[in-house]
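Enquirer: Here it is, the structure, as structure tokens.
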Amino acid sequence: MSETSPRHADRRTHGLHRVLVRTGFTTEQAVYGVLLVAGLIVVASLHSTSSLQVLVTVVFTVVVFWLAHVYAGTVAHHGLDEGRDTGLRASFRQALRASWGLLLSALIPCAILLLGTTQVVPDPVAEWAALWSCVILLGILGYVAFARRGAAMPVRLLGAVSTAGFGALMALLKAIVH
């Protein structure tokens, strides 16, 4: 089969999907990233007058946390890792691959905040919508985590609700402090 065959293209697409979804989005780093974004939206919206300021705060903080996560992973796995010698480059690649979820998890809430910065929707609507998108994302992450393990539907739904509950706590916090 040639390199340009549809089957080969399907494998590349499947590989990209696997990298983005499995090793990026459905990871503990993604859950942590969504919670980080939700918390940042709550705190930044208390002190900011526009969704642009909230967006800048979220993007800057997520990037700094991501860089710190990559650095920490590189340092932690450099040298001897699980009984094998690991060079700096391999440690960096492993840390980079493991940390994608932290960045990917911010994309949807940031896109929603961008709607407020461009005045497509009012700033408060963009901030609340971005926060509730975090709740939905957490629910999806919880559901997918249990589905990947072959859990029964009630367990998947309980996983979705319990994971989304962390985001709902952030929304409750925003409602209380505003």
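To keep it simple, each residue is scored yes or no on (1) over 19 Å from residue 174 (Cβ atoms); (2) free of Cβ contacts under 8 Å to residues at least 12 places away in the same chain.
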residue	(1), (2)
28	yes, no
33	no, no
37	no, no
41	no, no
45	no, no
56	no, yes
60	yes, yes
74	yes, no
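Enquirer: Anything in region 144-157 that is in a helix (DSSP H, G or I), out of contact with any Ser or Thr (no Cβ under 8 Å at 6 or more places or on another chain) and open to solvent by 40 Å² or more (accessible area, probe 1.4 Å)? List them, or say none.
Expert: Within region 144-157, 146, 153, 154, 155, 156, 157 meet the criteria.
Enquirer: Going by what's in this entry, would residue 161 be described as modelled with pLDDT of 95 or more, over 15 Å from residue 59 (Cα atoms) and surrounded by fewer than 16 Cβ atoms within 10 Å (Cβ to Cβ)?
Expert: In short, yes.
Enquirer: For region 96-109, state whether one or more residues are charged (D, E, K, R) and in a strand (DSSP E or B).
Expert: The answer is no, given that none of the residues of region 96-109 is charged (D, E, K, R) and in a strand (DSSP E or B).
Enquirer: If I go through region 130-143 residue by residue, how many of them are surrounded by 19 or more Cβ atoms within 10 Å (Cβ to Cβ) and farther than 11 Å from residue 38 by Cα?
Expert: Number of matching residues: 4.
Enquirer: Output the residue which, of all residues in region 98-114 that are in contact (Cβ under 8 Å) with a residue 40 or more places away in the chain and over 21 Å from residue 145 (Cα atoms), is surrounded by the fewest Cβ atoms within 10 Å (Cβ to Cβ).
Expert: If we take residues in region 98-114 being in contact (Cβ under 8 Å) with a residue 40 or more places away in the chain and over 21 Å from residue 145 (Cα atoms), then 114 is surrounded by the fewest Cβ atoms within 10 Å (Cβ to Cβ).
Enquirer: Kindly indicate the residue of region 47-60 that is of a type in the set (S, T, N, Q), part of a helix (DSSP H, G or I) and open to solvent by 30 Å² or more (accessible area, probe 1.4 Å) and also nearest to residue 166 (Cα to Cα) among those meeting that condition.
Expert: My answer is 57.
Enquirer: Of these, 38, 76, 44, which one is over 17 Å from the mean Cα position of the chain (by Cα) and within 23 Å of residue 164 (Cβ to Cβ)?
Expert: Checking each option against the conditions leaves just 44.
Enquirer: Evaluate the following for residue 95: is it open to solvent by less than 40 Å² (accessible area, probe 1.4 Å) and either touching a residue at least 12 places away in the same chain (Cβ under 8 Å) or under 23 Å from residue 163 (Cβ atoms) (or both)?
Expert: Yes: the conditions hold for residue 95.
The values are calculated or read from the model by the stated rules, or taken from the named source; none is laboratory data. These figures come from a predicted structure and were not determined experimentally. Cβ sites come from the backbone with ideal geometry, for glycine too, and all protein chains shown count toward neighbours. Note: areas computed on protein heavy atoms with side chains; ligands, DNA, RNA excluded. Shrake-Rupley method; radii C 1.70, N 1.55, O 1.52, S 1.80 Å.
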